[in-house]
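Participant: Quick one: the structure is below, questions incoming.
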Protein chains: 2
Amino acid sequence: MALMLRRRPAEVHRLDELAEMAGVARSTISEDLSALGELVARQGLGRIETMQGSQGGVCYWPDPSPASIRGTLDDLSAELRRPERVLPGGFLYLTDLVCSPVWSARLGEIFGEGMRSAQPTHVLTVETRGIPVALMTAQALGLPLLVARRDVRVAEGPALSITYLSGASGRVHNMSLPRRALPSGGRVLIIDDFMRGGATAKGLVDLAGEFEARVVGVGVAIATTQPVNKQVGRYLPLLVLNRVDEASRWVDIRPNPIWRSGER
Amino acid sequence: MALMLRRRPAEVHRLDELAEMAGVARSTISEDLSALGELVARQGLGRIETMQGSQGGVCYWPDPSPASIRGTLDDLSAELRRPERVLPGGFLYLTDLVCSPVWSARLGEIFGEGMRSAQPTHVLTVETRGIPVALMTAQALGLPLLVARRDVRVAEGPALSITYLSGASGRVHNMSLPRRALPSGGRVLIIDDFMRGGATAKGLVDLAGEFEARVVGVGVAIATTQPVNKQVGRYLPLLVLNRVDEASRWVDIRPNPIWRSGER
């Protein structure tokens, strides 16, 4: 039963169906679930939510515990501080981490826990490197993932596109999403891997606006401390990158203090 | 324990660590795992593998059963046959499905089951639409994911790139991968969402060759029946697309018969 729930996180499983599958009475299932829920919570493996009533169901949210979140973000910071990650030009090599199934799943679960209360209906990202974390966030929340493209692809049908100015390159970029991908009135959670000035996130906010959808949250795996004023007002970074010193290969990166204080 | 294993599929968990976490003797853990293994196999939820010896460990492979694979591919074919998926130009709208956490996870588990015996060490795809299924395949196999880019990005450091001729557009494209992403001697499993002539897959094979890596398998979610001769020799499609009739909005798509016959 635990495997069933874990295999389809964030999906509601009906109690009578679970009971039939396990070949036991519904009352037994309820007792088992209650025991499982306590165990899961104690081990910091997430949360099991049971809905009562004739249509009673159960849902597994893979929410990590505060201790598990801190452990993940400490480990990721340590990995990112390794001197061999410093690239020519003072960039940081992080592609292997944000594309890894293990790390993207852990970060996705943290965004799921942090953003569920905003009640998003869709997760939105832009190609390419933000996709793994955004996909895992969508999985943790049980939501569809929308991927904005930087070029309009005929094979995806009619699309809405916007242009935006990237702060880093100073160039004009395009971003588009198929017309049918997002219904008006949708509640959008934007997820990306990296934020410097916030131009890309702002572009995604504008794109969602074209669909008459509402942005209920912006989450990024890593945000730089500079510039202080980003193009989006509220955003939630997991890690904060203060400085990369190319000469000494020194990287100043740490978990966003909000996760440490438990203020959230 | 089941949740622990499911949360980190394809990772080896040491028996003594599991026993300590659960607060029981190691012999009890072994018995529990054996019971869990039988249950998991009976329910078609995958396979639990126990390694004996002083470094004894246990690993959960989320391999779907043959019946579960057939069910998934039948359901996906039915979804793709919906008339509203036919786009102007006779294209098929499939972005929402290949980007969905639910479908990409199911397809990734099928590739994991089908490709494990080839003993890959890396999963390789190219941006954009193949990423979700490739990520979920990498998760099911416990491997890193490599994403080739169509443009060389300075922020990823020194990269190897190749040019290839796309059959569909007749244009020359670029594909690149960071130099440090793939060690020589790596065993690469290529995963993509769609194959027509196979030019993209051929490009990925050539790119892997530049790293002195060996391609041990090519998997695509959907392959067209035409052209019959693809640019890659062996590939494994989950679904086969025979025809899209734009006027009547009729889509001829079905599971690759190999999954039905159980020949694999």
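Here, each number is a calculation from the coordinates, and none is a lab measurement. In this text the structure is predicted, and so the values were computed from the model without any measurement. Positions of Cβ are backbone-derived with ideal geometry, glycine not excepted, and every protein chain shown enters the neighbour counts.
Participant: Report the Cα centroid-to-centroid distance between the stretch B:139-205 and the stretch B:1-68 in angstrom, as an integer.
Facilitator: Using only Cα atoms to place each centre, the spacing works out to 34 Å.
Participant: Just tell me how shielded B:137-145 is by partners: mean number of partner chain Cβ atoms within 10 Å of each residue's Cβ, no decimals.
Facilitator: Details: counts 1, 6, 7, 1, 1, 2, 2, 7, 7.
Mean number of neighbouring Cβ atoms from other chains: 4.
Participant: Right, next: What's the average, rounded to a whole number, of partner chain beta-carbon atoms within 10 Å of each residue's beta-carbon in B:157-170? Could you put the intermediate results ahead of the total?
Facilitator: Details: counts 9, 2, 0, 0, 0, 0, 0, 0, 0, 0, 0, 1, 0, 0.
The per-residue average across the peptide is 1.
Participant: Quick one: if you stick a label point 7 Å off each Cα along the C-beta vector at B:Arg179 and A:Glu11, how many nm between them?
Facilitator: Once both label points are built, they end up 4.5 nm from each other.
Participant: Follow-up. Provide, in order from the shortest bin, the percent of all Cα-Cα pairs of the protein assembly as shown in each 10 Å bin, continuing until the bin that contains the maximum pair distance.
Facilitator: Once binned at 10 Å, the Cα pair distances of the protein assembly as shown give 4, 17, 29, 29, 16, 5, 0.
Participant: Can you give the net charge of the other residues whose Cβ lies under 11 Å from the Cβ of B:Val218, counting K and R as +1 and D and E as -1?
Facilitator: Details: positive: B:Lys202, B:Lys230, B:Arg234; negative: B:Asp192.
Here the charged neighbours net out to +2.
Participant: In degrees between 0 and 90, to the nearest 10, how far off the longest principal axis of chain A does helix A:131-141 point, with axes built from Cα atoms?
Facilitator: Taking Cα atoms only, the helix is inclined about 30 degrees.
Participant: Hey, what angle do you get for helix B:101-115 against the long axis of chain B, alpha-carbon based, 0 to 90 degrees rounded to 10?
Facilitator: Its long axis makes an angle of about 80 degrees.
Participant: If one computes P(r) from the Cα atoms of chain B, what percent of pairs lie at distances over 27 Å? Don't jump to the answer; show the numbers that get you there.
Facilitator: Working: 15258 of 34716 pairs.
Result: 44 percent of Cα pairs exceed 27 Å.
Participant: So, counting K/R as plus one and D/E as minus one, what does the shell of residues with Cβ under 12 Å around B:Gly56 add up to? Mind dumping the intermediate values first?
Facilitator: Values: positive: B:Arg14, B:Arg26; negative: B:Asp16, B:Glu17, B:Glu49.
Charge balance in the 12 Å sphere: -1.
Participant: Something else: Considering only the label points, 7 Å along Cα→Cβ from Cα, what distances in nm to one decimal separate B:Glu49 from the same position in each other copy, shortest first?
Facilitator: 3.6
Participant: What order do you get for A:178-189, A:58-69, A:14-25, B:138-149 when each peptide is scored by the mean count of other beta carbon atoms within 10 Å, highest first? All intermediate terms of the calculation are to be shown ahead of the outcome.
Facilitator: Working: A:178-189: 18.0, A:58-69: 19.7, A:14-25: 14.2, B:138-149: 24.6.
With the highest mean Cβ count within 10 Å placed first, the list reads B:138-149, A:58-69, A:178-189, A:14-25.
Participant: If you don't mind, another one. Say a label goes 7 Å from Cα toward Cβ at A:Asp151 in every copy; what distances in nm does this one have to the rest, shortest first?
Facilitator: Here the equivalent label points are 1.0 nm apart from this one.
Participant: Relative contact order, percent, of the stretch B:66-261 when contacts are C-alpha pairs under 8 Å separated by at least 6 residues?
Facilitator: 22 percent
Participant: Further question: Across peptide B:85-92, how many C-beta atoms of other chains are within 10 Å of each residue C-beta, on average?
Facilitator: 3
Participant: To one decimal in nm, how far is A:Arg180 from the same spot in the other copies, if labels go 7 Å from Cα toward Cβ? Please give the shortest first.
Facilitator: Listed shortest first, these distances are 4.3 nm.
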